[in-house]
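Working notes, beginning with the structure itself.
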Amino acid sequence: MLPFVAIALAVVGGVVTLELVSYRSLERIPSVATEEFPEIDRELLGKFSSFDPELGWVPQSNREKQKDTGDHLPGEEVRSVVTYSTDEYASRVCPAKDRDEESAVTVSTYGDSYCFCREVDNDETFQHYLAQELDTHVGNYGGGNYGLDQALMRLKRTYPDDPTDYVFMVVTASSIARILSVWKHYQEFGNILAVKPRYVLEDDRLERIESPIDEKEELLDLESKSDFLHEFDFHYDHWFEPHLASIPYTADFLEKRDHLRYAGATAGKELERRAGRSILGIDFDQAQTRSALRLERPRVLYHERLFETHEPLFDALIEEFVDYADERDFEPVFVMVQQLRYATYESEHGPIYGDLMTRLDDRYDELKTIDMATHLSPDDGDVESLYVERGEGGHYSPETNAEIAAVLADAIEVKTAAK
């Protein structure tokens, strides 16, 4: 009898251990959710310096931060830190040119982290290169994880204090998901501090739904806001619940081969970090990025469907941008840029936003549109070469930002010549 008890205990112990290892591995995979309300402690909350009750979060004025992008392997002596600086307007600084009221043309940009130009230094942003080309200051009001909705809200709040002749609205296709979001965690698992307002369509008119968080401390008890979050965040039903891991976690972990690949690459990076040197012949960072891109493919397809089902809301936000331009008398330009996860898919299947740009061109004579994918086409087809090689993954390199600046400069020259 005792041997059977020992065997049973060993089997149970093995199952429990396997479940624990699987759960811990799933926690580190960005395409899997492991719990609805992860704990937010006060230390994490204290680091959330960009909290804003009106916009959810926003870059603060007169700040300088240095960010380790991870752009290196242990032991490699290459650049690993970029500097993000903001001025008194909370715009990212433009080293090429200070503000000058006498400038022949003034320019500002709003949008997401691709507008902010994450993962590159202040003098490597497309705004810096554009300012050099035009000999004028270029405001950078990009916000990390912003969608078209938050970018529009920030424009309306900021523009009266920093008016410009041209406003470029620069976003990625993920805006279609972000405009349907209230709590980012339901669509970008682990992004637990990002609670935001959004717009909904009521009788074909935009209605703003304010953020349920007025004070930063309220983030410590998000579960008390669950009814509101479930009602107004589209992704709770359509993305979060279908991707929420459950017992047995081992089955969820083994469901996809890239779960194992991602976990293995992550473990390899941790070993390199502890050893303080790279393991010869293995690039764990690249392996992790490749696995993550493959695991992100369902999200890309999900966003592609959202452009089909929620086109009216996206179009209404563009119309609001055009109307505000008319009200404030500036030239509006809408620019679609690509995240790496979209670029690799769209190089084979075409844009996930379908005929959006053509539709906008046909509808608004006063709106200039730029589909940056049509201007950034490497001769060898290697779209990954447009982005930083390592780091957080998928923001444009300094060289690509210079190309973007040239495209935007041409758009301004065309408009100016037409006046």
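For segment 99-131, which residues satisfy the criterion of being over 25 Å from residue 325 (Cβ atoms) and part of a loop (DSSP other than H, G, I, E, B)?
Within segment 99-131, 118, 119, 120, 121 qualify.
Residues of segment 145-183 being among the hydrophobic types (A, V, I, L, M, F, W, C) and assigned to a loop (DSSP other than H, G, I, E, B), which ones?
The answer is 173, 179, 180, 182.
Going residue by residue through segment 196-210, is there one that turns out to be in contact (Cβ under 8 Å) with a residue 60 or more places away in the chain, closer than 24 Å to residue 286 by Cβ and surrounded by 20 or more Cβ atoms within 10 Å (Cβ to Cβ)?
Checked against the condition, which is being in contact (Cβ under 8 Å) with a residue 60 or more places away in the chain, closer than 24 Å to residue 286 by Cβ and surrounded by 20 or more Cβ atoms within 10 Å (Cβ to Cβ), segment 196-210 yields no hits at all.
Just the residues that are in contact (Cβ under 8 Å) with a residue 40 or more places away in the chain and under 24 Å from residue 313 (Cβ atoms), please, taken from segment 239-261.
239, 240, 243
The rows are residues; the columns are (1) within 30 Å of residue 288 (Cβ to Cβ); (2) in a strand (DSSP E or B); (3) under 22 Å from the mean Cα position of the chain (by Cα).
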residue: 326; (1), (2), (3): no, no, no
residue: 343; (1), (2), (3): yes, no, yes
residue: 354; (1), (2), (3): no, no, yes
residue: 357; (1), (2), (3): no, no, yes
residue: 379; (1), (2), (3): yes, no, no
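Of all residues in segment 273-318, how many are under 30 Å from residue 148 (Cα atoms) and not aliphatic (A, V, I, L, M)?
Residues flagged as under 30 Å from residue 148 (Cα atoms) and not aliphatic (A, V, I, L, M) within segment 273-318 amount to 21.
Return the pairs, sorted by first residue and then second, in which the second residue is surrounded by fewer than 16 Cβ atoms within 10 Å (Cβ to Cβ), the first residue lies in segment 303-314 and is of a type outside the set (Ser, Thr, Tyr), the beta carbons are less than 8 Å apart, and the residues are 6+ apart or on different chains.
307/354; 308/354; 312/201; 312/204; 313/200; 313/201
Say we look at segment 183-195 and pick out the residues that are among the hydrophobic types (A, V, I, L, M, F, W, C) and in contact (Cβ under 8 Å) with a residue 60 or more places away in the chain; which of these is nearest to residue 312 (Cα to Cα)?
Selected residue: 195.
Keeping to segment 216-265, report how many residues are closer than 25 Å to residue 42 by Cβ and among the basic types (Lys, Arg).
2
Each value in this text was obtained by applying a stated rule to the coordinates, not by laboratory testing. Quick caveat: nothing in here was measured; it's all calculated off a predicted structure. When we count neighbours, we look across all protein chains shown, and the Cβ atoms used for this are built from the backbone with ideal geometry, even at glycine.
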